[in-house]
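Enquirer: Pasting a structure here, questions to come.
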Amino acid sequence: MKGHVWRPLFVVIGLVAAILVFRMFYVPADFGVHDQGYTFGFHRLGNEQEWKQFPEKYKGTEYCNECHDDKVESISKSGHGIIPCEDCHGAAFNHPEDPEKLTVDRSRALCLRCHSELYMPSSQRNDLPGINPKTHNEGMECSECHNPHNPSLEEM
Amino acid sequence: MKRREFLKKTAVFISGASVSLSALELVDPKEVLAKNPDLRWGFLVNTYKCVGCGMCVKACKIENEIPWDANVTRTWVERYVITKEGKVLADSPKGARDGFTSKLIDRAAEGKELVPDKEIAQAFFVPKLCNHCTLPACVQVCPVGATYSTKDGVVLVDRKWCIGCGYCIMGCPYGVRFFHPVVHTADKCTFCYHRISKGGNTACAQACPFGARRIGNLRDPNDPVAKAVLTERVGILRDEYGTKPNVYYIGLNKEVH
């Protein structure tokens, strides 16, 4: 056959080879159809592992109990016993190494998340003791009068 | 046909064909059943118990490194106020990141509206998150295989593979996906896959003081979530889309979508 037939054919074969080689390197070996089938399970399997290794920040109240057992004890006997420490003090991360201290948020906004009085008759919100932030000692921090770790009104 | 034209056409055809090779060689006519039928994550939301404190939203943002002040969040809480005249008002300021501290309902362009207590017939909160659908519409539309369902039924996004085209964000009927402003890919709730796969709880459920949120294994008949789904009157969102969501709600109203 003549050169004008072979030459383009070689070019084409070369192109195919190049694309296949590129694909071999570019597409990871674990990319393909996995457990959930072609429509929903077409992915890179290694990504599941990557998500599993995402760092945790919240540790839970049991962790705080290792060192702040006094706080855990007093709060657990109070009406605030159901609130995890980290809701008010933020995530533990690697506390006490990093950060050495967790934030102590004395803002009214923190308490008002639950105690601002709203009328929510089909919700448990209505069962929480509510105050009107505009009339209940405006301008003062709640913890000046209430103990957040033991909010009982009798023991104020 | 001119030689130049022939070359051009063949190159286009071959490159097109070899790209889709990956699809052809792997097509499996029957959707493979999950290999591990003993684990299927599901979520239970009790709307009666939710007080709208937004601690879940705060915890989710911190745990999953979602920028605090960006107007995006993987989970949020909606407030519904239904008046005695049947008017439905709903809002979710900042996704309830800071809770609901005011009676004023955010009506967007119409400003803030105060509904007097005596006009309120029903009022409640509804936490929202990804439904981790059994037939996720968002996964189906992904052109590059960057979002997928794991064998235990969690829908994830591959941040290295996502090209940020936004199809999945449009495809989700629940609006739970968004564009992550830092990572620059699509983003969504992972059911805290990093926590639940190690036997932990999701950050949102752990942060909820009232037990309004709960994750569990729908395949385990002794699991509290599975039990509730089987024995209590639970609802799902937007059933009509046929996506088979795995987030169940106790106390769902027809006004909630």
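The values are calculated or read from the model by the stated rules, or taken from the named source; none is laboratory data. All values reported here derive from a predicted model rather than from experimental measurement. Virtual Cβ from ideal backbone geometry, glycine too; neighbours counted across all protein chains shown. The area values use the complete protein model at the heavy-atom level, side chains included, leaving out ligands, DNA and RNA. Shrake-Rupley method; radii C 1.70, N 1.55, O 1.52, S 1.80 Å.
Enquirer: Every residue in the range B:133-160 that is part of a loop (DSSP other than H, G, I, E, B) and open to solvent by 50 Å² or more (accessible area, probe 1.4 Å), please.
Expert: B:134, B:135, B:141, B:143, B:151, B:159, B:160
Enquirer: Another question, then. For residue B:205, all conditions in the list (1) open to solvent by less than 40 Å² (accessible area, probe 1.4 Å); (2) over 30 Å from residue A:93 (Cα atoms) hold save one; what is the number of the exception?
Expert: (2)
Enquirer: Specify the residue that is farthest from residue A:148 (Cα to Cα); the eligible residues are those in the range A:49-95 that are touching a helix residue (DSSP H, G or I) at 6+ places or on another chain (Cβ under 8 Å) and among the acidic types (Asp, Glu).
Expert: In this case the residue turns out to be A:56.
Enquirer: I'm trying to understand the selection: among the residues of the range A:1-50, which are in contact with a Leu (Cβ under 6 Å, 6 or more places away or on another chain) and either more than 9 Å from chain B (Cβ to nearest Cβ) or among the acidic types (Asp, Glu) (or both)?
Expert: A:30
Enquirer: Return the residues of the range B:121-132 that are open to solvent by less than 10 Å² (accessible area, probe 1.4 Å) and facing chain A (nearest Cβ under 8 Å); say none if nothing qualifies.
Expert: Matches in the range B:121-132: B:123, B:124, B:125.
Enquirer: Follow-up. Pick from the range B:61-77 the residues that are part of a helix (DSSP H, G or I) and touching a Gly at 6+ places or on another chain (Cβ under 9 Å): which of them is surrounded by the fewest Cβ atoms within 10 Å (Cβ to Cβ)?
Expert: It comes out as B:62.
Enquirer: List the number of the failed condition for residue B:141; all other conditions in (1) touching a residue at least 24 places away in the same chain (Cβ under 8 Å); (2) within 14 Å of another protein chain (Cβ to nearest Cβ); (3) within 21 Å of residue B:78 (Cα to Cα) hold.
Expert: So the condition that residue B:141 fails would be (3).
Enquirer: Now, a different point. Return a yes/no flag: does the range B:55-75 have any residue that is at positive phi, touching a Lys or Arg at 6+ places or on another chain (Cβ under 8 Å) and modelled with pLDDT of 95 or more.
Expert: no
Enquirer: Among residues belonging to the range B:210-230 that are in a helix (DSSP H, G or I) and among the hydrophobic types (A, V, I, L, M, F, W, C), point out the one that is nearest to residue A:80 (Cα to Cα).
Expert: Among those that are in a helix (DSSP H, G or I) and among the hydrophobic types (A, V, I, L, M, F, W, C), it is B:225.
Enquirer: Name the residues in the range B:78-102 that are more than 9 Å from chain A (Cβ to nearest Cβ), open to solvent by 30 Å² or more (accessible area, probe 1.4 Å) and under 20 Å from residue A:108 (Cβ atoms), would you?
Expert: Across the range B:78-102, the qualifying residues are B:93, B:94.
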